[in-house]
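> Structure incoming, see below.
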Amino acid sequence: MIRLPAEWENQQAVLFSFPRRDGDWGTVLNAASEAMMGAARQVSQVCPVIMVVGDRDHYQHYAGDFAGQVLYEPTDDSWIRDSGPITVMTPTPTLLDFTFNGWGGKFSAEQDDQLPAAIHRALYPEADYAKEDIVLEGGAIETDGRGTFLTTSRCLLSEGRNDFQTKEEAENILREKLGATRIIWLDHGELIGDDTDAHIDTVARFLDEQTIAYVGPPAPDDPHYADFVAMREELQTRATGYNLVELPWATAVTSEVDGHRLPVSYANFLISNGSLFLPVYGTDSDELALRLLTQETDYRVVAVQSRPFVEQHGALHCLTMQIPAWS
């Protein structure tokens, strides 16, 4: 029997992938590097952090701020949620190495696609390993650990990944490879500027076995309004049996580089060993999200400054991948 553990189950490590000079960070490289070190220090208070480093020389400027383990491997970018291994229990631990092709061929990903195999060899050789030809990113799926999955049709049925023609084709993969028994599809809910084709971890997340947190719609004059009203209605009708918690809409943030709107979301949190690490962006809605999640959960809620990250259209969950405990 295959089972993908929920994020709130015990973890032995959280992976980060450090920014590199030849990546896409541009003028925010240093700010993103400092912010990642800050996030890693916060997460390391509850779980060991392993930093994957593809640019040794750049990393050395920040190495003094990190006391965890470092794995030097070539990388393309920092979004290890999507390029890293997805660990299932079969019941023995197995690191699944799905194909990562830069979100449907949008970006170069040859080196990132090699990371799961390298991580298995260097860090977890005692676990099983399976290379999968299917394209699947970690940010595209959410599970309660008991067989129910959340995902989006805009991502899983997108061109350039697997070219599935029906939801049933995609469901067969989730059932066979990840042990899904119930799949809740969202057909709406996509942030402007999102390069992932509506990853589920930007719009709706399991908080625990009974609860789903989702991004509520903005004001009616916002271009996202109709799409997120429709997404809320889908959850209300399709996610039966779960309590629904509506996250506040994040105040709009625009790029410091060219002024375009950035895909900010409070759904892109990381849960690790009893703490919920919430991305914040330096806006007036941050406190609303912090207060709501403190009231609605039993987690220790920790604010993590993520403003530099969203310049490259992602946040904390996108930048991390947990390795569940198995001994």
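Every number here is computed from the coordinates shown, using simple stated rules; none is lab data. Quick caveat, the model's predicted, so the values are computed rather than measured. FYI the Cβ positions are ideal-geometry reconstructions off the backbone, even for glycines, and counts take in every protein chain you see.
> Determine, from the Cβ-Cβ distance of GLN111 and THR211 and an R0 of 45 Å, the FRET efficiency 1/(1 + (r/R0)^6), rounded to the nearest 0.05. Don't jump to the answer; show the numbers that get you there.
Numbers: r = 37 Å, r/R0 = 0.83.
The calculated FRET efficiency here is 0.75.
> Going by Cα centres, segment 51-92 and segment 269-327 are how many Å apart?
19 Å
> Taking the Cα-to-Cβ direction at ARG146 and at ARG41 and moving 7 Å from each Cα, how far apart do the two end points lie in nm?
According to this spin-label approximation, the distance is 3.9 nm.
> Would you please put 135-146, 251-262 in order of how densely packed they are, using the mean number of other Cβ atoms within 10 angstrom per residue and starting with the highest?
Working: 135-146: 22.2, 251-262: 13.2.
With the highest mean Cβ count within 10 Å placed first, the list reads 135-146, 251-262.
> Which percent, to the nearest 5, of DSSP beta bridges fully inside the chain are antiparallel? Kindly include the intermediate steps, with their values, before the conclusion.
Details: 20 of 49 bridges.
So the antiparallel bridges amount to about 40 percent of the total.
> So for segment 8-116, averaging the separation of alpha carbon pairs under 8 Å that are six or more residues apart and normalising by length, what relative contact order in percent results? Please report the intermediate quantities before stating the final value.
On the way: 158 pairs, mean separation 27.3, N = 109.
Dividing the mean separation by the residue count of segment 8-116 yields 25 percent.
> If R0 is 35 Å, what FRET efficiency do you get for THR99 and ALA325 from their C-beta distance, rounded to 0.05?
0.85
> Label-point separation (nm) for GLU159 and THR283, each offset 7 Å from Cα along Cα-to-Cβ?
According to this spin-label approximation, the distance is 3.1 nm.
> Working out 0.36 nm times the residue gap between GLU34 and ASN243, then minus their Cα-Cα distance, what length gain in nm do you get to one decimal? Before the final figure, lay out each step's value.
Values: separation 209, 0.36 × 209 = 75.24 nm, distance 3.68 nm.
Length gained between GLU34 and ASN243: 71.6 nm.
> On a full-extension model of 0.36 nm per residue, what is the gain between ARG21 and THR166, subtracting their alpha-carbon distance, rounded to one decimal in nm?
Details: separation 145, 0.36 × 145 = 52.20 nm, distance 4.00 nm.
Computed gain between ARG21 and THR166 is 48.2 nm.
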